[in-house]
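What follows is a short report on a single structure.
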Amino acid sequence: MIDEQAECGDLAYWMERLGTELDEFQKFDYPDALQNSANWQAALDSDLPKTGVGIDTVVDQLSRWVIPNGSAITRPGFSSFITTGPVSVAVLATLAGAIAAPQRIGLTAFQYLETLSLAWLRKLFDLPESMQGIYSSGGSVANLVALGAARQWAFERTGTDPAAKGMNRPACILASAACHRTVHRAAAVLGIGRDNVIPVDVDRQGRMRPEVLQQRLRQLQDTCLPVAVVANAGTTGTGAIDPLAPLGEIARQAGVWFHVDGAYGLPGILDPDVKPLYAGLELADSVVVDPHKWLGAPVGIGTTFVRDRGLLQRAFTQGASDYLEGTVSRESARHSLDDLGVPFSDMGIELSAPCRGAVVWALIQEIGKEGLAARVRRHNAMARHLARRVESHPNLELLLEPTLSICCFRYVSGQYGDLDELNRKIHRQLIHNGTNMPSTAQVNGALAIRPCFIGARTSFGYADDLLDEVLLVGQQLCDNLRQSINQ
Ligand SMILES: *Cc1c(COP(=O)(O)O)cnc(C)c1O
């Protein structure tokens, strides 16, 4: 008899039970989690169990109380953040990795797919062949890893190893004023400092202005060592793509690392209509993309590509540790544990890490470049379709022509003085109604309703539905206002 109380097998049975509940969840006809939160909190609230209840009861509780009260993010009408429910094959590959290869080390098929899928992503997005990648937990860490390489490069050129010795002079980063805040956090973690991320003004379309970058670089003189210029291939707020070619040229001439944050927008290059906007991507020293956004992977997968992975090793190595290296022998590889394989754990900030490559491989393998391109084109077309409908309606105003799959617009009415307030109320009502759930954004000083179409489950009907609902709710709010004035 084994002296272990946890069930460690029988997956076919347990997965079938759980799968049934998950399919039920994906009909999306449960009420919102908060509606009956008193019930599920009461059911789940319990003291630390002294003895366990057993897997059967746990699966029961998952099915009954946890899954049905999950997130609205996976709903097809959800268009708020740039996050979405994963496609099925990516969930299956995640599970496969968790069971069959809990770590990315060793000469396994999973590690092979780590490398193969990175090469596929590089080809998919037309990145230079010399670029090599590494997975991490998402855009936040992917940006940190890229900027760690940038810092390494900038300081090595002055004769110091910043990762080993620390920085011997102040450093700074020049970034689009519309860049993601994770760039600031990366600057903080790397010892550069959030306040030393110098914002570069954007134009009314949200694109970094090359002449301002040039000016900022000149103004630096010798006050700080510029570690990187950070541009966007698809800002999170509006989907703006910076003019990469002139920005990359300026960075190169100034001898500064050029980083492109494409966490959301890099897959946009698959849409022939917007592909020309990515000209200059080949000038990048590092590029980031999040498979857990447009590609439909479960949350927890970001990717950094750099033009020299040696820099990553110098920036992030943790050095040899007996218990790891002691398990391998360099003489021959007759067993998957004779060699750790590609030393990914020395190129980023994670030692233990799941096999994310198998997930990315699976989601590309399932539908190919064409399938992914069709999704991206569909979502971009939905944003443009919304824009045309908005333009043709007297109560709607387009605040920004869409670049990718984000459309920023607002409801307008002569009756309502404060349009920001009106649109904030419309937005709240939409969220509470729970079918069409966009977010809001500030666009040139105005509050915009901002759907971002990103989920594999969403399609044209949802774009039309969203607009119809905005019109209905906007009209109701204005009617209510008129009635309250007349009373
Ligand atoms: C989402 C996003 C990030 C952050 O990525 P996470 O995966 O949420 O950590 C960084 N940059 C951009 C442009 C993004 O859209």
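The values are calculated or read from the model by the stated rules, or taken from the named source; none is laboratory data. Just so we're clear, the structure is a prediction, and the values are computed from it rather than from any experiment. When we count neighbours, we look across all protein chains shown, and the Cβ atoms used for this are built from the backbone with ideal geometry, even at glycine. Accessible surface areas use protein heavy atoms only, side chains included; no ligands, DNA or RNA. Shrake-Rupley method; radii C 1.70, N 1.55, O 1.52, S 1.80 Å.
Here the label points at Gln5 and Asp308, each 7 Å from Cα along the C-beta direction, are separated by 5.5 nm in the simple model.
Take the Cβ atoms of Arg482 and Leu44, set R0 to 45 Å, and the FRET efficiency comes out at 0.45. Annotation: the antiparallel percentage among DSSP beta bridges lying fully within the chain is about 55.
Here the label points at Asp203 and Glu129, each 7 Å from Cα along the C-beta direction, are separated by 3.5 nm in the simple model. Projecting the Cα atoms of Tyr264, Leu217, Ala228 onto the charge dipole of the range 180-269 (Cβ charges, centred on the Cα centre) puts Tyr264 farthest toward the positive pole.
Only DSSP H runs of four or more residues enter the estimate; each adds -39500 (n - 2.57), and after division by the residues of the chain the mean residue ellipticity at 222 nm equals -13000 deg cm²/dmol. With contacts taken as Cα pairs under 8 Å at a separation of at least 6 residues, the chain carries a relative contact order of 19 percent. Net charge dipole, the range 159-285: roughly 360 debye, given to the nearest 20, about the Cα centre with Cβ charges of +1 for Lys and Arg and -1 for Asp and Glu. Protein heavy-atom accessible surface, 1.4 Å probe, per residue over the range 96-251: 41 Å².
Just tell me, in residue order, which DSSP H segments of the chain are both 30 angstrom or longer along the helix axis (alpha-carbon based) and at least -1.0 in mean Kyte-Doolittle hydropathy.
Numbers: long enough: 356-391 (44 Å, -0.27); 460-486 (40 Å, 0.01).
Helix filter hits for the chain: 356-391, 460-486.
Strictly over 32 Å apart at the Cα level, which of Lys27/Lys293; Lys293/Lys425; Lys123/Lys165 would you flag in this model? From the list (Lys27/Lys293; Lys293/Lys425; Lys123/Lys165), the Cα-Cα distance tops 32 Å for Lys123/Lys165.
How much length, in nm to one decimal, is gained on full extension between Val66 and Ala100, taken as 0.36 nm per residue of separation minus their Cα-Cα distance? Could you put the intermediate results ahead of the total?
Details: separation 34, 0.36 × 34 = 12.24 nm, distance 2.61 nm.
The span from Val66 to Ala100 would gain 9.6 nm if fully extended.
Please give the FRET efficiency for Gln219 paired with Thr158, using the beta carbon to beta carbon distance and R0 = 25 Å, rounded to the nearest 0.05. Step by step, r from the Cβ atoms, then E = 0.80.
Atom-type composition of the exposed protein surface of the range 1-155 places 58 percent of the accessible area on carbon and sulfur (1.4 angstrom probe). Spacing of the modelled spin labels on Arg457 and Ala109, each 7 Å from Cα toward Cβ, amounts to 3.0 nm.
Please report, as a whole percent, how much of the solvent-accessible surface of the range 212-334 comes from carbon and sulfur atoms (probe radius 1.4 Å).
Numbers: 2340 of 4730 Å².
Using a 1.4 Å probe with all protein chains present, the range 212-334 comes out at 49 percent carbon and sulfur.
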